[in-house]
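Worksheet for the structure shown next.
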Amino acid sequence: MLSPRPEGPGLRLGLDDYTEDFGRHFWHSGSEGFWKLERQQTFREPGVESWEAFHAGHWDESLALLEGQRGHYEEYFRRIAASGFALHRVRCVEDPISPYLQWELHLLHLKAQYGEDTRVLGDNGILPYETPRPLPEIVVLGSSVMYEVLYDGDGKLAGGVRFDDPDDILRCRQAIQEMHQAGEPLGDFFSRRVAGMPPPAVP
């Protein structure tokens, strides 16, 4: 079992520098693609209209706003495909499903319809990787750069740590690919666990 934890030294980036650096490398992910490990169960996404509606307790409005993003995601994933790479994600999901994660799974289900390849890893799949501490949030862009994504105490994006060692990047990408292969396809999980859930409690 490979570890998705970076081992080499990294460069700490504040929010603005991380956002700029990520954006500069994202469109050059190449044939190795984009691989994301998402572990935390609750985030805050101020400024995202659908999340704002969810957070305010307006669930139907939140879902309607997601539906309104179809044109955006269709064009976004068309551009990604034209750039020669694909998006892959491992979404760790604990029981019970958190209110935030119920919202995010609807978003990921929408993205999957336009090309994002997400698989869900449940409690039993997560546990073997979490000795002795919880998994980090990791994004690997191709073979040249990897980030540990950092959040503040409220779950808002705060920056990242950039890693450039090719051996470290390869090992972490292979670990995430291993987890991805072990996960359940998002479409199956969504139909089985999420589609029939009542509106979440206001977080």
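Taking first residues from region 164-188 that are acidic (Asp, Glu) and partners that are buried (at least 18 other Cβ atoms within 10 Å of the Cβ) and modelled with pLDDT under 95, the Cβ contacts under 6 Å between residues at least 6 apart in sequence or on separate chains come to Asp168/Pro6.
Within region 147-155, is there a residue that is at pLDDT below 95, open to solvent by 10 Å² or more (accessible area, probe 1.4 Å) and in contact with an Asp or Glu (Cβ under 9 Å, 6 or more places away or on another chain)? Scanning region 147-155 turns up no residue that is at pLDDT below 95, open to solvent by 10 Å² or more (accessible area, probe 1.4 Å) and in contact with an Asp or Glu (Cβ under 9 Å, 6 or more places away or on another chain). For region 76-104, a residue qualifies if it is under 23 Å from Gln41 (Cα atoms) and part of a loop (DSSP other than H, G, I, E, B), and the qualifying residues are Val93, Glu94, Asp95, Pro96, Ile97, Ser98. Name every residue in region 4-25 that is open to solvent by 80 Å² or more (accessible area, probe 1.4 Å), in contact with a helix residue (DSSP H, G or I) (Cβ under 8 Å, 6 or more places away or on another chain) and under 26 Å from Ile80 (Cβ atoms), in order of residue number. Of everything in region 4-25, nothing turns out to be open to solvent by 80 Å² or more (accessible area, probe 1.4 Å), in contact with a helix residue (DSSP H, G or I) (Cβ under 8 Å, 6 or more places away or on another chain) and under 26 Å from Ile80 (Cβ atoms).
Selection over region 156-190 of residues that are under 18 Å from Ile126 (Cβ atoms) and either among the hydrophobic types (A, V, I, L, M, F, W, C) or at pLDDT below 95 (or both) gives a count of 7.
Residues that are among the acidic types (Asp, Glu) and surrounded by fewer than 20 Cβ atoms within 10 Å (Cβ to Cβ) were ranked within region 84-131; the one that is farthest from Leu65 (Cα to Cα) is Glu130. Selection of region 32-47 for residues being in a loop (DSSP other than H, G, I, E, B), open to solvent by less than 50 Å² (accessible area, probe 1.4 Å) and within 17 Å of Cys172 (Cβ to Cβ) yields Gly33, Arg39. Among the residues of region 52-75, the ones that are in a helix (DSSP H, G or I) and either under 16 Å from Glu104 (Cβ atoms) or under 19 Å from the mean Cα position of the chain (by Cα) (or both) come to 14 in all.
The values are calculated or read from the model by the stated rules, or taken from the named source; none is laboratory data. These numbers were taken from a predicted model, which means no experiment stands behind them. Don't worry about glycine lacking a Cβ; one is built from the backbone with ideal geometry, like all the others, and counts go over all protein chains shown. Ligands, DNA and RNA are stripped out before the accessible areas are found, and what is left, the full protein with its side chains, is counted by its heavy atoms. Shrake-Rupley method; radii C 1.70, N 1.55, O 1.52, S 1.80 Å.
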